[in-house]
Amino acid sequence: MFKYSATQWIYGAEPLAASFERLHRFGYDGIELAGEPEQLDREEIKRLMERYGLICSSICGIYKPERDLSSSDRAVRANAIAYVKSCVDLAVDTGAAVVIAVPSPVGKSAPGSSAHEEWNHAAASLREAGEYAASRGIRLAIEALNRFETYLVNKLEVAKKLVEEVSVSSVGIMADLFHMNIEERNPCQAIRNIADHLVHVHIADNTREAAGLGITDFESVLRTLLEVGYKGPLTMEFLPPVSNPYAAASMKAEDRTIFDEFTRQSIDHMKALERKIALG
Ligand SMILES: [Mn+2]
């Protein structure tokens with residue numbers, strides 16, 4: 001049986017306690033914290049983990065333009081590397097195993113200088129952050145985002161090239177089934193292709209809504225994850241159908257019932273498929 005968590009930023013600006021309570025209520029094992037180390041109160045997180053019996057599975061790095069690991073501006077790169085290191089420290093403090101790393105920030109649709117130069121900068125930045133992560137016992141998971149969100153790494157195969165170039169054992173790859181639905185011709189084959197480096201998984205259906213509401217074949221995805229021996233958590237990252245992902249933060253209370261519905265729907269769907277596979 002897989003362990004389940006959900007990434008907390010999808011719930012917007014609600015208090016952390018509300019997210020912990022919801023995940024506990026629907027049978028989750030853990031939570032993925034948003035990578036804002038300076039805004040999070042470590043002691044509060046530890047209290048909530050204990051109260052609701054949840055682990056912290058991972059840290060979801062938030063890659064804004066000033067956290068651009070691929071930037072041609074040395075100061076921006078230095079800031080981005082320091083940021084990833086601070087997420088690694090947050091992971092150590094909360095018991096998380098993985099920090100998500102996105103090589104070029106959300107919203108960067110074309111290189112600032114040349115793609116070749118930015119690729120080399122991203123590799124060097126990830127090497128430095130990866131060596132720090134290794135020294136603290138944490139893995140970095142490179143996330144390929146779809147082409148409408150960023151430009152440098154969109155496919156798992158490209159993430160694999162980057163990982164091979166970085167060549168630090170702490171730096172692996174994650175699979176996000178929503179982005180893959182846009183970028184990969186065959187998601188299961190794409191997972192097999194990077195299996196040796198797979199360290200984390202995000203789950204959402206083809207519309208980015210909860211698993212089971214769309215057409216993604218999660219039974220095949222689960223079979224593939226079992227086949228390649230993936231042992232990490234399955235982390236939900238669903239969103240309501242809105243144009244601005246961060247609009248969820250300002251949703252009215254009566255609209256927020258969708259968070260409960262999606263939180264329940266996605267774990268129930270995946271667990272039902274796990275039972276079906278176990279029964280042969
Ligand atoms: Mn993701």
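The values are calculated or read from the model by the stated rules, or taken from the named source; none is laboratory data. Please read these numbers as outputs of a predicted model, since none were measured by experiment. FYI the Cβ positions are ideal-geometry reconstructions off the backbone, even for glycines, and counts take in every protein chain you see. When the accessible area is computed, the model is the full protein with side chains, heavy atoms only, and any ligands, DNA or RNA have been set aside. Shrake-Rupley method; radii C 1.70, N 1.55, O 1.52, S 1.80 Å.
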| message | Calculate the FRET efficiency for R127 and T257 from the Cβ-Cβ distance with a Förster distance of 51 Å, rounded to the nearest 0.05. | response | 0.70
| said: Restricting to Cα atoms and excluding each atom paired with itself, what does the Kirkwood estimate give for the stretch 32-164 in Å? | reply: 15.0
| task | Run the dipole for the chain about the Cα centre, Lys and Arg Cβ at +1, Asp and Glu Cβ at -1, nothing else charged, and hand back the magnitude in debye, nearest 20. | result | 400
| remark: Rounded to a whole %, the carbon-and-sulfur portion of the accessible area of the chain at a 1.4 Å probe is 50
| Percentage relative contact order, the stretch 4-278, counting C-alpha pairs under 8 Å, at least six apart | 18
| Extension reserve of the R264-E164 stretch, reckoned as 0.36 nm per residue once the Cα distance is removed | 32.2 nm
| remark: For the stretch 4-278, the per residue accessible area (1.4 Å probe, Å²) is 42
| Under a point spin-label approximation (7 Å from Cα along Cα-to-Cβ), what is the A18-A195 distance to one decimal in nm? | 4.3
| request: Rank E164, E261, E32 by mean-square fluctuation in a GNM of the chain with C-alpha springs under 10 angstrom and give only the top-ranked residue. | output: E261
| Choice from A122, A210, A17 showing the highest fluctuation, given a GNM over the chain with Cα pairs closer than 10 Å | A17
